[in-house]
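Novice: Here it is, the structure in full.
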Amino acid sequence: MACPRCALPIESPTPQACGRCQKKLPAFDSAFALFRYDEPVRHLIHSLKFGARYPCGRLLGTLMAEKLAALQEKPSAIMPVPLHPSRYRQRGFNQASEIARTVSRRLDIPLDLRSCYRIRSTAAQAELSAKERRKNLRNAFAVKTPLTHQYVAILDDVITTGATVNELAGALRRAGVARVDVWACARA
């Protein structure tokens, strides 16, 4: 079972908000993570992210789309978490965008790659504590306005602390988006 708000795995027979979400709600409305961030999913994500193995992204996107196909209400757009231009140049691609392309195509939901952008280059999150991650990402994203979407799904490869998607969701909220959900391949 997982917290319906942030997708944190919890030990509960019924879906309920985790302690952190009960104390302070995140900027997004709900989160879905297809898997826990364990092997072999971790290997697939790393193969895409650090090895440019695009078939891994297509597989993860296909699996996500199959699970999300039963959604009662679809967002008006999928927005992958943007990379800063310097990180994009270094990696050559955005792993979240690669996964999102497949999900978008399979669910027939528009992919929005232009409305959100990363305005600050930030340190790699993997090396930081939860508190440092939140500080690292503060005001890291901006939204080009006017934004016409009222319901958006942010797509990312992994949710670890939720700091990245929470900061991006906050930027979308300030731009007028009424509902923001988060979709991820895995949750740590």
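Novice: Could you tell me how many of the residues in segment 4-43 are assigned to a loop (DSSP other than H, G, I, E, B), charged (D, E, K, R) and either closer than 20 Å to residue 157 by Cα or in contact with a helix residue (DSSP H, G or I) (Cβ under 7 Å, 6 or more places away or on another chain) (or both)?
Specialist: The number of residues fulfilling the criteria is 4.
Novice: Could you please find all residues in segment 93-102 being in contact with a strand residue (DSSP E or B) (Cβ under 8 Å, 6 or more places away or on another chain) and either of a type in the set (Phe, Trp, Tyr) or surrounded by 24 or more Cβ atoms within 10 Å (Cβ to Cβ) (or both)?
Specialist: 95, 96, 99, 100 - these are the residues of segment 93-102 that are in contact with a strand residue (DSSP E or B) (Cβ under 8 Å, 6 or more places away or on another chain) and either of a type in the set (Phe, Trp, Tyr) or surrounded by 24 or more Cβ atoms within 10 Å (Cβ to Cβ) (or both).
Novice: Only one of these is within 24 Å of residue 161 (Cβ to Cβ), surrounded by 15 or more Cβ atoms within 10 Å (Cβ to Cβ) and out of contact with any strand residue (DSSP E or B) (no Cβ under 7 Å at 6 or more places or on another chain): 18, 116, 6. Name it.
Specialist: 18
Novice: Ok, one more. Which members of segment 10-67 meet the condition of being aromatic (Phe, Trp, Tyr) and closer than 25 Å to residue 169 by Cβ?
Specialist: Within segment 10-67, 28, 32, 35, 37 qualify.
Novice: OK, next. All but one of (1) in a helix (DSSP H, G or I); (2) in contact (Cβ under 8 Å) with a residue 40 or more places away in the chain hold for residue 47; which doesn't?
Specialist: It is condition (2) that residue 47 fails.
Novice: So which residues in segment 59-73 are charged (D, E, K, R) and touching a residue at least 60 places away in the same chain (Cβ under 8 Å), if there are any at all?
Specialist: Of everything in segment 59-73, just one residue is charged (D, E, K, R) and touching a residue at least 60 places away in the same chain (Cβ under 8 Å), namely 73.
Novice: Being modelled with pLDDT of 95 or more and among the small types (Gly, Ala, Ser) is the filter here, so list the residues in segment 85-138 that pass it.
Specialist: 92, 96, 97, 100, 104, 115, listed by residue number.
Novice: Going by the conditions given, is residue 162 at positive phi, buried (at least 24 other Cβ atoms within 10 Å of the Cβ) and of a type outside the set (S, T, N, Q)?
Specialist: Criteria met by residue 162.
Novice: How many residues does segment 68-110 hold that are hydroxyl-bearing (Ser, Thr, Tyr) and over 16 Å from residue 151 (Cα atoms)? Before you say what the answer is, go through the steps one by one.
Specialist: Here is the first cut: in segment 68-110, the ones hydroxyl-bearing (Ser, Thr, Tyr) are 76, 86, 88, 97, 102, 104.
Going one step further and asking which of them are over 16 Å from residue 151 (Cα atoms), we end up with 86, 88, 97, 102.
The total comes to 4.
Novice: Here's another thing I want to ask about it. Among the acidic types (Asp, Glu) and either crowded, with 19+ Cβ neighbours inside 10 Å or not in a loop (DSSP other than H, G, I, E, B) (or both) - does that describe any residue in segment 53-73?
Specialist: Yes, segment 53-73 contains at least one residue that is among the acidic types (Asp, Glu) and either crowded, with 19+ Cβ neighbours inside 10 Å or not in a loop (DSSP other than H, G, I, E, B) (or both).
The values are calculated or read from the model by the stated rules, or taken from the named source; none is laboratory data. Every value quoted in this text rests on a predicted model; they were computed, and no experiment measured them. Glycine also receives a Cβ, built like all others from the backbone with ideal geometry; neighbour counts cover every protein chain displayed.
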